[in-house]
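The values are calculated or read from the model by the stated rules, or taken from the named source; none is laboratory data. Not measured: the values here are computed from a predicted model. Ideal geometry is used to build each Cβ from the backbone, glycine not excepted, and the neighbour counts take in all protein chains shown.
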Amino acid sequence: MEAPAVRNSLEDWSGPLARETLGGRPTLWTRTSARSPLSPRERFRFRNGCSWRSFEPARSKLAAALVGKAPPRPPQPNDMVLYLGAATGTTASHIADLVGPRGIVYAVEKSPRAFAQLLGTATLWPNIVPLLKDVRESGSYLGWVPPVDIIYMDIPQPDQVRIATEHVTRFLRTGGRLMMVLKLASLGRERSAQEHLHQCLAELQRTLRVGEPSPLDPYYRRHAFIVAELREPQP
Ligand SMILES: C[S@@+](CC[C@H](N)C(=O)[O-])C[C@H]1O[C@@H](n2cnc3c(N)ncnc32)[C@H](O)[C@@H]1O
């Protein structure tokens, strides 16, 4: 049976992602099979016979995008996801909740220190596959990662677009999506953030159908969240 899609209208608690307003602020929750919170700062509750973890915009750029004015379609149950720049696994664990037990999150991180914590996260979410790798050497995990539905990228590097397009070519299935955080502050003073954003979008548009970038204010200033789809090959 098809797993139910994750909706953008998140006012109910029947899917893996729910939304409510707490103290005047939008808060998201992911339904989880984990038995305890990932960190002491995370809120954990039981509702409708399920466990839920708070998915907080102040701690995850994906959550900040999802509470924004034009929220992207969240990762869906059963999706295969390649996550570039997983750090300790905060956002990766919420994506693992969303894709559920039949989905997989391949989580690439190059910092050994962050990776040690990511390994701990993966013991609680068996559908996270941690890879201690440098995304600039994507050939080193080519044999480990199958074609994926989503590439999620949160790596604030000057060559982030080049890295993204290389991964799209190698790992994204046709019709799949790139979800990318662009850090506009890391561009240098010689170009404005807007100029840099336009340049990044133009580069992405060579291979992808790129949606309108969303700002992540007020949680992350000078960041843009971009969703782009891999075009069908032209006949
Ligand atoms: C902004 S943090 C990611 C936070 C994470 N996405 C989250 O929401 O929990 C960026 C991460 O990218 C990692 N990173 C930077 N350059 C990298 C590279 N070349 N290969 C792999 N990881 C890299 C950093 O070590 C850092 O953990």
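Of the residues Glu195, Glu232, which single one is in a loop (DSSP other than H, G, I, E, B) and modelled with pLDDT under 90? Full working, then the answer.
On the way: Glu195 fails: in a loop (DSSP other than H, G, I, E, B).
Within the list Glu195, Glu232, the selection yields Glu232.
Conditions (1) surrounded by fewer than 22 Cβ atoms within 10 Å (Cβ to Cβ); (2) farther than 30 Å from Arg25 by Cα; (3) in contact with a Gly (Cβ under 6 Å, 6 or more places away or on another chain), marked per residue:
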position	(1), (2), (3)
Arg53	no, no, no
Ala58	yes, no, no
Ala65	no, no, no
Arg113	yes, yes, no
Asp154	no, no, yes
Gln157	yes, yes, no
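Which residue is nearest to the ligand (Cβ to nearest atom), if the candidates are limited to the range 162-186 and must be outside any strand (DSSP E or B) and among the hydrophobic types (A, V, I, L, M, F, W, C)?
As a first pass, look at the range 162-186 and keep what is outside any strand (DSSP E or B): 162-171, 184-186.
Narrowing further to those that are among the hydrophobic types (A, V, I, L, M, F, W, C): 163-164, 168, 171, 184-185.
Working: Ile163: 7, Ala164: 12, Val168: 16, Phe171: 14, Leu184: 14, Ala185: 12 Å.
Result: Ile163.
Six or more apart or on different chains, Cβ atoms under 6 Å: show the pairs whose first residue is in the range 90-119 and among the hydroxyl-bearing types (Ser, Thr, Tyr) and whose second is modelled with pLDDT of 95 or more and more than 8 Å from the ligand (Cβ to nearest atom).
Cβ pairs passing all conditions: Ser93/Thr121; Ser93/Trp125; Tyr106/Leu82; Tyr106/Val129; Tyr106/Val145.
Being in a loop (DSSP other than H, G, I, E, B) and closer than 18 Å to Val99 by Cα is the filter; apply it to the range 19-36 and report the residue that is modelled with the highest pLDDT.
So, considering only residues that are in a loop (DSSP other than H, G, I, E, B) and closer than 18 Å to Val99 by Cα, the one modelled with the highest pLDDT is Ser33.
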